[in-house]
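Colleague: Sending over a structure as structure tokens; questions will come in a sec.
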Amino acid sequence: MLNVAIVGIGRWGQLLVTSVQGISPNLRYIAGLTRTKSKAVKFCSEQGIQLCDDYDELLNNKEIDAIVLATPHTQHEEQIVRAAEAGKHVFTEKPLTLNKKSAERVVQACRKANVKLALGHNRRFMKNTEALKQMIETDKLGTLLHIDGNQSSDLGAAAGAWRDARKESPAGGMTSLGIHALDCMIHLGGKIAKVDAHSDRRAIGFDIDDTTAVLVRFQKGMTGTLVTLASTARLWHIRVIGSKGWAEMRDNKRLTVCKNNEEPKDLVFSGEHYPHADSVASELNEFALSVIGNATYRISTEEMIHGISVLEGIIKSAEQGVRVTIL
């Protein structure tokens, strides 16, 4: 059983706790830290979590095996490096960092300390994603031609959160929304070679972009489109188009498949509705098992670095109006 500390106990941090606490045989939360301690007292008391005063207190606690981060993106680099140096395994919410150099630094720190690093892209753990991945690997869709991704939501409804700042949300919804679709596109289609991005503020009530669109070129030759809108109703889909047909994920339960010369068919998988408690529990359990030695976490550190390289390229392309080659 892995003893874990949670850092950042807001809405998503609480889900990271409740999805496994008292349920999982692999990990349990025993300590926590958050910016506004008074807001978390009741929750931590109910969950049997010791609420601490600072990060050093967690890092110096010999009973804690791993740190789970649900903190602002700009804090991840130093928090991960310090945790690794203290011998703590790390599970961090996306994005890992905001640029390739910092991503490489945290990966190297974890390797040097011989601790595991896991990244929270729970959509890789959804049943429809797993089924679509298998379809691609078994050539059910033929030669891949194009992948279209869209993850959008109304971030204005949560105004006042730390994501309101441009330094935390470059290229609009990419860091909080679009990064999930980007990771799925990499997972399904492989590495990305080039990006052309456009990002603007059109309707949202604070100073971040809300309309971001990216044209993608994969290393394997496919094209792709990635859209993330931060001022509209919730929308999520990944559509993979091949020479034998197409398949589309919508929400966390459905997979629609259409083979050439056939009608579309819906496959529906069991599981929770948003906010995806099942897939969150799955990623945390796989992280714990990777530490124990009974599993390999399905997002490699190479993919983590590549995903951040693409994110950095999208940000640069949007800011400078140029096509960016991903190195």
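Colleague: With all protein chains present, how much of the accessible area of region 188-299 (probe radius 1.4 Å) comes from carbon and sulfur, to the nearest whole percent?
Modeller: Using a 1.4 Å probe with all protein chains present, region 188-299 comes out at 48 percent carbon and sulfur.
Colleague: Let me ask something else. Under a 1.4 angstrom probe, counting protein chains only, how are 287, 43 ranked by accessible area, largest first?
Modeller: 43, 287
Colleague: Express in Å², to the nearest 10, the accessible area of residue 12 obtained by rolling a 1.4 Å probe over the protein heavy atoms while all chains stay in place.
Modeller: Accessible area, nearest 10 Å²: 50 Å².
Colleague: Kindly report, to the nearest 10 Å², the accessible surface of residue 163 as traced by a 1.4 Å probe over protein heavy atoms only.
Modeller: Spelled out: residue 163, probe radius 1.4 Å, area about 80 Å².
Colleague: Further question: Please compute, over every Cα-Cα pair in the chain, the percentage with a separation greater than 36 angstrom.
Modeller: 17 percent
Colleague: Could you work out the local net charge near residue 94, counting Lys and Arg as +1, Asp and Glu as -1, over the other residues with Cβ closer than 13 Å to its Cβ?
Modeller: Once positives and negatives cancel, what remains is -2.
Colleague: Given the convex hull over the Cα atoms of region 159-292, what projected area results after averaging over all orientations, in nm²?
Modeller: 10.8 nm²
Colleague: Determine the calculated [θ] at 222 nm for the chain from helices alone, applying -39500 (n - 2.57) to every DSSP H run no shorter than 4 residues and normalising by the residue count; nearest 500 deg cm²/dmol.
Modeller: -9500 deg cm²/dmol
Colleague: Additional query: How many angstrom lie between the Cα centre of region 83-98 and the Cα centre of region 1-19?
Modeller: Between the Cα centres of region 83-98 and region 1-19 lies a distance of 14 Å.
Colleague: With +1 on the Cβ of every Lys and Arg and -1 on the Cβ of every Asp and Glu, and nothing else charged, how large is the dipole of region 240-327 about its Cα centre, in debye rounded to the nearest 20?
Modeller: 280 debye
Colleague: Taking 8 Å as the Cα distance limit and 6 or more residues as the minimum spacing, I'd like the relative contact order of region 61-154 as a percentage.
Modeller: About 23 percent, as a whole number.
Colleague: Can you give me the convex hull volume of the Cα atoms of region 76-137, divided per residue and expressed in Å³?
Modeller: It comes to 100 Å³ per residue, whole-number rounded.
Colleague: Using a 1.4 Å probe, what is the accessible area per residue for region 212-256, in Å²?
Modeller: 42 Å²
Colleague: With r as the distance between the Cβ atoms of residue 38 and residue 137 and R0 = 41 Å, compute the FRET efficiency 1/(1 + (r/R0)^6) and round to 0.05.
Modeller: Computed FRET efficiency for residue 137 and residue 38: 0.25.
Colleague: Among 311, 192, 89, whose Cα projects farthest towards the positive end of the dipole of the chain, with charges put on the beta-carbon of Lys, Arg (+1) and Asp, Glu (-1)?
Modeller: Value computed over the given set: 192.
Colleague: Here is a further query. Given charges of +1 on the Cβ of Lys and Arg and -1 on the Cβ of Asp and Glu, with all other atoms neutral, how large is the dipole of region 178-224 about its Cα centre, in debye to the nearest 20?
Modeller: 340 debye
Colleague: How do 144-151, 52-59 rank on mean C-beta neighbours within 10 Å, highest first?
Modeller: Per-residue mean Cβ counts within 10 Å order the peptides as 144-151, 52-59.
Colleague: Still on this structure, I have one more. Any idea what the dipole of the chain comes to, in debye rounded to 20, about its Cα centre with Lys/Arg Cβ at +1 and Asp/Glu Cβ at -1?
Modeller: Once rounded to the nearest 20, the dipole reads 460 debye.
Colleague: Would you mind checking 100/253; 39/167; 62/127; 191/253; 94/259 for any pair whose Cα atoms are more than 31 angstrom apart?
Modeller: Result: 100/253; 62/127; 94/259 exceed 31 Å.
Colleague: Bin all alpha-carbon pair distances of region 102-156 at 5 Å intervals from 0 and give each bin's fraction as a whole percent.
Modeller: 4, 12, 14, 15, 13, 15, 16, 9, 1
Colleague: Averaging sequence separations of C-alpha pairs under 8 Å and six or more residues apart, then dividing by the length of region 182-327, give the relative contact order as a whole percent.
Modeller: After rounding, I find 24 percent.
Colleague: Among the complete DSSP H segments of the chain, which ones combine at least 24 Å of alpha-carbon extent along their axis with a mean Kyte-Doolittle hydropathy of -0.5 or more?
Modeller: 301-320
Colleague: If each residue of separation counts as 0.36 nm, what is the full-extension length gain between residue 12 and residue 108 once their alpha-carbon separation is subtracted?
Modeller: Answer, rounded to one decimal: 31.8 nm.
Colleague: If you don't mind, there's one more thing I want to ask. Relative contact order (percent) for the chain, with alpha-carbon contacts under 8 angstrom and 6 or more residues of separation?
Modeller: 18 percent
Colleague: Find the centroid of the Cα atoms in region 119-189 and in region 279-323, then give the distance between the two in whole Å.
Modeller: If you average the Cα positions of each part, the centres end up 11 Å apart.
The values are calculated or read from the model by the stated rules, or taken from the named source; none is laboratory data. Worth saying up front: this structure is predicted, and the values here are computed from it rather than measured. Note that each Cβ is placed from the backbone with ideal geometry, even for glycine, and that neighbours are counted across all protein chains shown. Heads up: the accessible areas ignore ligands, DNA and RNA and are worked out on the full protein's heavy atoms, side chains in. Shrake-Rupley method; radii C 1.70, N 1.55, O 1.52, S 1.80 Å.
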